[in-house]
Every structure is written in structure tokens, then in C-alpha cells.
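Just so it is clear, none of the values below were taken in a lab; they were calculated from the coordinates. From a predicted model like this one, the values you see are computed outputs, not experimental measurements. As a convention, Cβ positions derive from the backbone with ideal geometry for all residues, glycine included, and neighbour counts pool all protein chains shown.
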């Protein structure tokens, strides 16, 4: 195994020049284009608008409107929450948009309490050409991450998809975890937001029950561990080889 | 079922202004930045460069370098072609790039014979600011399509993932199919490139054998049909309700 977790702040375009970012936050507040959402509240995002996460994090989900196995009962199933697939996070400083809609619906929810979102029309960015380029580069980066995500979802064994999925999320969003009994080194990287086993299952084409069973297996193998607050951690390489 | 296949050329940003596109093709040929590839030949794409498909189509694939189920034997398995996940096509006029690499490797192959690819550095686009914006918009579009793709891969039943996957591909790349015995109307839309059942399986986390079985089931249900040259078709709505 050559898992090599890097602090991702270097590759992810999260570190905006403070001045522009502050300018945009001020502009959004002045123009009433800023709003705070509570946990699990839906962001009423419309096509054609650009959204920026100022604080907290966004959870993207997709709903299927087609199904080969339930053609007849599909109408009653659409409202079922288990049909919702978890598609990833958008963290602070990052842009998102929801355009494509058919035959699946994309939606955004506040994943953390007090998640603040700004929005603007694309032409509003004409005032900040450098910032526009940063936003488009952020989408390029997100697109590449989704290709990696698709790579793991192509794996045949559910446990491989699960481990690949967790590795990708923690590689992108992970924060260093320093154990109390080993304060001199980083013991691993943890995902700073909780994810339920049902949400994980909805991302990797599996069920809550299977995810719970396979998470236990990954813990037994020492490939993951769980932090105090139920947050998922990947141990650093030295730990894994023990 | 409200499947509503639209001719996608309106939504996909494929129709470049002919003049700029011709200018760029000329520029690439002058600077030896253009090359034709034969079917299944790998495009030696490097991070930091931008690639444009001039003719034919590109197949993106991902290779896993981690696995929870085969830690010990993973080295010998990496070269196995069955570990390669199909991640989608890039058609003529469309850009692609391969940046993200860990813990999966992204690669591009010519999917059709005589596929011609141009390449350039991002700063080369400083000469064509409008074209740069088109390229970045194309990546925004591709990113949205991948979110839809992730939505279907989150579905629990393999047949739903298979049908969602085929629907998305044909919605994006499909060409109208006019049956000989019904020349007055469009009978469906077909994917203009062949895909093996193994390739489909590698995209949806399944096997060649299962895909073959489920494709038969979808055909029986009238949800798909197969054209003369083994190309996959989705019937138009009127056909499906029969």
C-alpha cells in the first residue's frame, strides 16, 4: 500500500487571497446575497447562479428519477430519502453550482450548522476577473476529484469502494489528528464532518447495514479508526504497517 | 417514467465558433502540438497541459492503487486490465486534462481509430481569452455530468446503475436513430461508440457476466435496444410505453 496523504491545502485552491475574498463577502452582504443555513436545511440553488461557501460546509446529493427495477412504483419512491445519493462536500471558500438536472436532480444541503452561502450571477464576476479565474480553476479541481471518485466506484468489491471513498474524502478534506498519548506526531487524518453509514451507503451503491459491517472490518484491519466524536480517521502510513 | 432525451448539442458546449477553432487547429499543427492516435492507443497526457479532441473520441479510465480486500497481492493486480474503471468519453471539440493522480491513476486512450488530439499549455490560451472561457465552461459542464453519473452509481441495485449509466451516456452523446421501417420519425438515440460489457461493468462496479445478463433484461423490458452494429440505443418515449 502506498497511501500518501498530503496536506491538501497546497493542491486544493482553498487559500484565496484574503483581500479579494473579503471584498466579495462585503459585496454579498451589501447586496443581500448572503444567508446562513442550519444543519440539513436545503439551499434553494437555481441554475445559472454561482454559489460560494463562506462558512461551514455543503453536502451535495443526487436523486434518481429513473429506475429499471421499479418502473411502476417509482413515483412513490422518489420522495424516499434512501434514493438520495451523497455526492460530496463543498467546503469553506469553495464554489458550487447546480445546473444539470435530468434524469437526476442535484441538490445542496447545509451539512454543518450556521453554514453561510453567498450567491451571484456569473456576470457579477466581471468585476473580479482574477477571482473568476480562481472559481473556474476550483471547478477544474472538483472535476478531477470526481473522476477519482468514479474510479473507486468502478471497483467491484464493496469494501474496496468503501475504502477508496473514505480515502479520497480524507485526502481532500482531512485534518491532522494528534493522539493524546502520542503528542509528538500526527497519528492520522480525520474527516472533520460526520457522515452516517446510510449516507456512505448511498454514495457507494450499498446499504447502511453493509457499510456498518464493512466499517468494522476496515477497523479490524487497522485501515481506519474512529475518533472520539465518531469522526472517521485514516492512520498515517507508519501506523498501518504495524 | 419521464425520460426526456434531448438532442444534446444545444446544452453541451460542442459547437465552437468555427473561426477560433480552425485558428487553434492551425496553430497546433504549426507548433507540432497535434497527433493522431489509433484505437486503444494511450494518450501520453501530462499534468499541467490542456488537451483538446479534434477528431474521434477519448476514453478516460482510472486505475486503483489501493484496495482493502487485496492488500498483499495488490502489486500483481495493478497491471490487471479488469482493475481499470471506465470514466467516460471526451468527444470532438471537447477539452480534457489529467491532473489528480493519487490514490488512483487517470489515463486517456483513443476510443476510435484516427483520434486526433491537440495540446497546449494553459498560458498558450492567453492568446485566445474567449476560447479559454469556453474551455473552462466545458469543464464546468463535464463536472455537472459527473455529478449525475455519481448519482446513478449511488443506486443500490446494479440494474438501476446500469440503466442510469446508459441513459446518461446516451443523453450526452446520443445520435438520432431512424429505423428503416419507420423512416418518418426518430425511433431512439444511440451511443455512437461501442462499449464492451466488461467496460460497462468496470464503470458501475459490476462484472462482464452480470452486465450481459442485465442488458438482456433491459432489452426484454424494452428499455434499451441494440442497433445493427452492436450500438446501444434508448427508444424514444412512445416506444417505451408499448
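Can you say whether residue A:183 is out of contact with any strand residue (DSSP E or B) (no Cβ under 6 Å at 6 or more places or on another chain) and surrounded by fewer than 21 Cβ atoms within 10 Å (Cβ to Cβ), as far as the supplied structure shows? Write out each step before concluding.
Working: out of contact with any strand residue (DSSP E or B) (no Cβ under 6 Å at 6 or more places or on another chain): yes; surrounded by fewer than 21 Cβ atoms within 10 Å (Cβ to Cβ): yes.
When the stated conditions are applied, residue A:183 passes them.
Working carefully through the options A:163, A:139, find the one that is within 22 Å of residue B:146 (Cα to Cα), buried (at least 22 other Cβ atoms within 10 Å of the Cβ) and over 14 Å from the mean Cα position of the chain (by Cα).
Result: A:163 is the single residue among A:163, A:139 that is within 22 Å of residue B:146 (Cα to Cα), buried (at least 22 other Cβ atoms within 10 Å of the Cβ) and over 14 Å from the mean Cα position of the chain (by Cα).
Could you count how many residues in the stretch B:155-197 are within 9 Å of chain A (Cβ to nearest Cβ) and not in a helix (DSSP H, G or I)?
Here the count works out to 3.
Of the residues B:232, B:200, B:226, which single one is surrounded by fewer than 18 Cβ atoms within 10 Å (Cβ to Cβ) and touching a helix residue (DSSP H, G or I) at 6+ places or on another chain (Cβ under 9 Å)?
Details: B:232 fails: surrounded by fewer than 18 Cβ atoms within 10 Å (Cβ to Cβ); B:200 fails: surrounded by fewer than 18 Cβ atoms within 10 Å (Cβ to Cβ).
On inspection, the qualifying residue turns out to be B:226.
If you take the residues of the stretch B:102-130 that are in a loop (DSSP other than H, G, I, E, B) and under 19 Å from the mean Cα position of the chain (by Cα), which of them is nearest to the other protein chains (Cβ to nearest Cβ)?
Filtering the stretch B:102-130 down to residues in a loop (DSSP other than H, G, I, E, B) leaves B:102-103, B:111-114, B:128.
The next check asks that each one be under 19 Å from the mean Cα position of the chain (by Cα); those that pass are B:111-114.
On the way: B:111: 16, B:112: 21, B:113: 25, B:114: 25 Å.
Going through the qualifying residues, I end up with B:111.
Would you confirm whether any residue within the stretch A:206-220 is more than 26 Å from residue A:62 (Cα to Cα), within 14 Å of chain B (Cβ to nearest Cβ), in a helix (DSSP H, G or I) and touching a helix residue (DSSP H, G or I) at 6+ places or on another chain (Cβ under 7 Å)?
yes
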